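Peer 1: Quick one: structure below, then a few questions.
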Amino acid sequence: MSKQKGVCMTTNSARMTITRQWELLKLLPNRSPGVTSRDLERALVSEGFEVSKRTVERDLSELRRLFPIICNAKGKPYGWYWAKDASIDMPGLSVAEALSLSLIEQIMKPLIPKSVMDSVQPRFRQAKKTLNGLKSPQKLSCWTEKVAHVPVNLVQQPPAIKPQVLETVQNALLHENVLEVKYQSLRKQEISDLRLHPLGLVQRAAVTYLVASSEPYDQPRLFALQRIEKAKPTDIKATSPDGFSLQNYLDASASQFDSGKDIVLKVRLFSDEVVRSLTESPISDEQEIREDEDGAVLIANVKDSWQIRWWLLSYAELVEVLAPKELRAEAARRLALAAERYANS
């Protein structure tokens, strides 16, 4: 073998080692109990690396001398994870990216559970570090003090989700494994032991839901993550109903999300400010505001949903639902009940 060919092979081998170890660092979680070398081996193999468990262990031992990673030796098999507040130093952010991330943090913080936010805090810290390091701090780096996000509705504080529960649920969903959970239903006092087949995660406002079927039933249901007291992974493969689609499930879940039914909404508008607001910010791509002798009428193609109901009721006396008839009757009933309660106080 020629000397040049030998050098090329050595260089390629070194490059592959660096690539593998870099990927290995990215696979480590940021909290205990960590991930085992066997699971890391499987993950690397699925990414196309030819690697053994022994090679992974050797890589981890080398990387431990250079990076703040920890081996959880309290029980076997050992788990590997990043030390607290440490992670791979991400590639430098541009100023535009840093500004965008700072604004995104403002928007996400009231909506996303703390355990979820913790997983992306390193990126937000990197954004702040980028802005604080600018040579002209009085200009771009002060941009975050000049830009704010104000939610249009009252925002409830996100419920607390146990970090272990969140991580276990996410891993079970990713690897399509059955979960054993202790669940506190909103309507029941006692805690139930359930075996769940995870199908998806859904964020609605401040609440995160697991969509799953509970043995022995096949019908998918919603499980609020903050009500899962404990979650235990299994090696049993989860199953999903034939033809299941998360989006189709959401479209069909009338009581929780949208009914999936398209309706033509007709609403009488009694306020010039409401007319102006809807003109500037339509509620639908297919919206029209018609002027007549009595004022203005909004006509829009929308989904029949709880959001539409909340939106209509928030305007109270400033609007009148004209169609569909069912929605008009529902709005009238709700407002009449509210008026009755105020009248009796």
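The values are calculated or read from the model by the stated rules, or taken from the named source; none is laboratory data. Everything numeric in this text was worked out from a predicted model, so none of it was measured. Ideal geometry is used to build each Cβ from the backbone, glycine not excepted, and the neighbour counts take in all protein chains shown.
Peer 1: Suppose the filter is modelled with pLDDT under 95, assigned to a loop (DSSP other than H, G, I, E, B) and either over 23 Å from Ala331 (Cα atoms) or in the same structural domain as Pro324 (by TED's automatic domain parsing) (or both); does Pro233 pass it?
Peer 2: no
Peer 1: Could I ask something else about it? Considering only residues that are in contact (Cβ under 8 Å) with a residue 24 or more places away in the chain and within 21 Å of Glu273 (Cα to Cα), which ones fall in region 315-329?
Peer 2: Passing the criteria: Tyr315, Glu317, Leu318, Val319, Glu320, Val321, Leu322.
Peer 1: Can you name the residue in region 61-85 that is of a type in the set (D, E, K, R) and in a loop (DSSP other than H, G, I, E, B) and is also nearest to Leu24 (Cα to Cα) among such residues?
Peer 2: Arg65
Peer 1: Taking Ala205 as meeting all but one of (1) buried (at least 16 other Cβ atoms within 10 Å of the Cβ); (2) among the small types (Gly, Ala, Ser); (3) at pLDDT below 90, write down the number of the exception.
Peer 2: (1)
Peer 1: Anything in region 272-314 that is more than 24 Å from Ala252 (Cα to Cα), at pLDDT 90 or above and loosely packed, with under 15 Cβ neighbours inside 10 Å? List them, or say none.
Peer 2: Of everything in region 272-314, those that are more than 24 Å from Ala252 (Cα to Cα), at pLDDT 90 or above and loosely packed, with under 15 Cβ neighbours inside 10 Å turn out to be Asp272, Glu273, Arg276, Ser277, Thr279, Glu280, Ser281, Pro282, Glu288, Arg290, Glu291, Ser314.
Peer 1: Output the strands (runs of 3 or more DSSP E) that fall wholly within region 254-345 and possess 1 or more residues being closer than 29 Å to Leu222 by Cβ and either of a type outside the set (S, T, N, Q) or touching a strand residue (DSSP E or B) at 6+ places or on another chain (Cβ under 6 Å) (or both), or say none.
Peer 2: Qualifying strands (runs of 3 or more DSSP E): 258-269, 295-305, 319-323.
Peer 1: May I ask you to list the residues in region 30-60 that are assigned to a loop (DSSP other than H, G, I, E, B) and without any contact (Cβ under 8 Å) to a residue 12 or more places away in the chain?
Peer 2: Of everything in region 30-60, those that are assigned to a loop (DSSP other than H, G, I, E, B) and without any contact (Cβ under 8 Å) to a residue 12 or more places away in the chain turn out to be Gly48, Glu50, Ser52.
Peer 1: Mind checking which pairs have a first residue in region 277-303 that is under 19 Å from Pro324 (Cβ atoms) and a second that is assigned to a loop (DSSP other than H, G, I, E, B), Cβ under 7 Å, 6 or more apart or different chains?
Peer 2: Here the result reads Ala300/Ile283; Ala300/Ser284; Ala300/Glu286; Asn301/Ser284; Asn301/Glu286; Val302/Ile283; Val302/Ser284, each pair linking region 277-303 to a residue that is assigned to a loop (DSSP other than H, G, I, E, B).
Peer 1: Further question: Report whether or not Ile308 is hydrophobic (A, V, I, L, M, F, W, C), in contact (Cβ under 8 Å) with a residue 40 or more places away in the chain and over 30 Å from Lys188 (Cβ atoms).
Peer 2: Here the answer is yes, as Ile308 does meet what is asked.
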